Structure formats: structure tokens, C-alpha cells
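Student: The structure under discussion is supplied below as C-alpha cells; questions concerning it will follow.
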Amino acid sequence: TSMSPGREEAAVVPPIPMELWRLGSALLERGLDEEQIFFVGGNESEVRQIRTCLDTGEPLPPSISPHSIAEALVQLLGSFPVPVIPPSYRQQCVEKRKSPEACWAVLLAMPSE
């Protein structure tokens, strides 16, 4: 099963905000091999560009740094009033983090509210 929101899987989207889905998918595509992905800050201009793309639905430009995507993701997560991952699912997420298929299964098992 693919982790990116392709046409054939458009009806099967986990119960998370679409912006989070898009950033996670972009990190899977562009950032898996990046060293220190969440420890090296992104470019402020690129983060603003990412936010604009999320607001308008435009695709992220291929030139955007994975570090900027990671920074935008951290900022987005910090802006939510409640955690995206319910506390009862956190340990499963940590345990499954190295398997995209297992992560997908955990996401699909989470409640939608």
C-alpha cells in the first residue's frame, strides 16, 4: 500500500488534517535520506512558500528543502489545539516508525474525531 495520497487511494485517507498528510507524504518522498531532518532548521522563505501551497492546494515545488518541509510540519503540529496522535496511539507510532505499512495501519486505526 502506498503512503502517498494517489488517485486510486483518494477514498482511503487517514483521519488527519490534509495539510499534515501532504507534509508527511512530502517528507516520505524527499526526506527519508536526509541527516538530522528535524534538527536542522529550514529556510524561512521556503516555509512561507509551503504554507501558501497548503492554503491554496498548489503542489510543493520540487526545489523546496526537506528541512523546510520538516520545519513546516513541526510548526503545523505545534499550532493544533489538541494532539494529532491520540495519547493511546503514541507508543504504537513509536514502535512502528520504521515500517511505512505499519504506520499506515496505525493511522487508519485512529479515531476520526
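The values are calculated or read from the model by the stated rules, or taken from the named source; none is laboratory data. Keep in mind that what you see is a predicted model, and the values were worked out from it rather than measured. Neighbour counts are summed over all protein chains in view; Cβ atoms, including those assigned to glycine, are modelled from backbone coordinates with ideal geometry. Accessible surface areas use protein heavy atoms only, side chains included; no ligands, DNA or RNA. Shrake-Rupley method; radii C 1.70, N 1.55, O 1.52, S 1.80 Å.
Student: How far is helix 66-79 tilted, in degrees, relative to the longest principal axis of the Cα atoms in the chain, given as a value from 0 to 90 rounded to the nearest 10?
Tutor: 60
Student: What's the angle, to the nearest 10 degrees (0 to 90), between helix 44-56's Cα axis and the longest principal axis of the chain?
Tutor: 60
Student: Considering only protein heavy atoms and a 1.4 Å probe, what is the carbon-and-sulfur percentage of the accessible area of the chain?
Tutor: Values: 4010 of 7390 Å².
Accessible surface attributable to carbon and sulfur in the chain totals 54 percent.
Student: Can you tell me the length gained on complete extension of the stretch Glu58 to Gln92, counting 0.36 nm per residue apart and subtracting the Cα distance?
Tutor: Details: separation 34, 0.36 × 34 = 12.24 nm, distance 3.24 nm.
Between Glu58 and Gln92, full extension yields an extra 9.0 nm.
Student: Take every Cα pair under 8 Å in the chain that's 6+ residues apart, average their separations, divide by the length, and report that relative contact order as a whole percent.
Tutor: Numbers: 85 pairs, mean separation 40.1, N = 113.
It rounds to 36 percent for the chain.
Student: Where does the charge balance sit around Leu54 when Lys and Arg score +1, Asp and Glu -1, over other residues with C-beta under 10 Å from its C-beta? Before the final figure, lay out the partial values.
Tutor: Details: positive: Arg22, Arg51; negative: Glu19, Asp55, Glu58.
With Lys, Arg at +1 and Asp, Glu at -1, the neighbours total -1.
Student: Next up: Using 0.36 nm times the number of residues separating Ala102 and Ser79, minus their current alpha carbon distance, what extension gain do you get? Mind showing how you got there, number by number?
Tutor: Numbers: separation 23, 0.36 × 23 = 8.28 nm, distance 2.65 nm.
Length difference between fully extended and current span is 5.6 nm.
Student: Further question on the same structure: Skip the ligands, DNA and RNA, and give the accessible area per residue of the chain with a 1.4 Å probe, whole Å².
Tutor: 65
Student: A further question on this structure: Kindly rank 93-103, 38-48, 65-75 from highest to lowest mean number of other beta carbons found within 10 Å of each residue.
Tutor: Numbers: 93-103: 12.5, 38-48: 14.1, 65-75: 21.0.
Highest-to-lowest ranking by the protection proxy: 65-75, 38-48, 93-103.
Student: While we're here: In degrees between 0 and 90, to the nearest 10, how far off the longest principal axis of the chain does helix 100-109 point, with axes built from Cα atoms?
Tutor: So the helix axis and the longest Cα principal axis differ by about 60 degrees.
Student: Right, something else. When each pair of different Cα atoms in the chain is counted once in the 1/r mean, what is the Kirkwood radius in angstroms, to one decimal? It would help to have the intermediate numbers written out before the result.
Tutor: Working: mean 1/r = 0.0674 Å⁻¹.
Kirkwood hydrodynamic radius for the chain: 14.8 Å.
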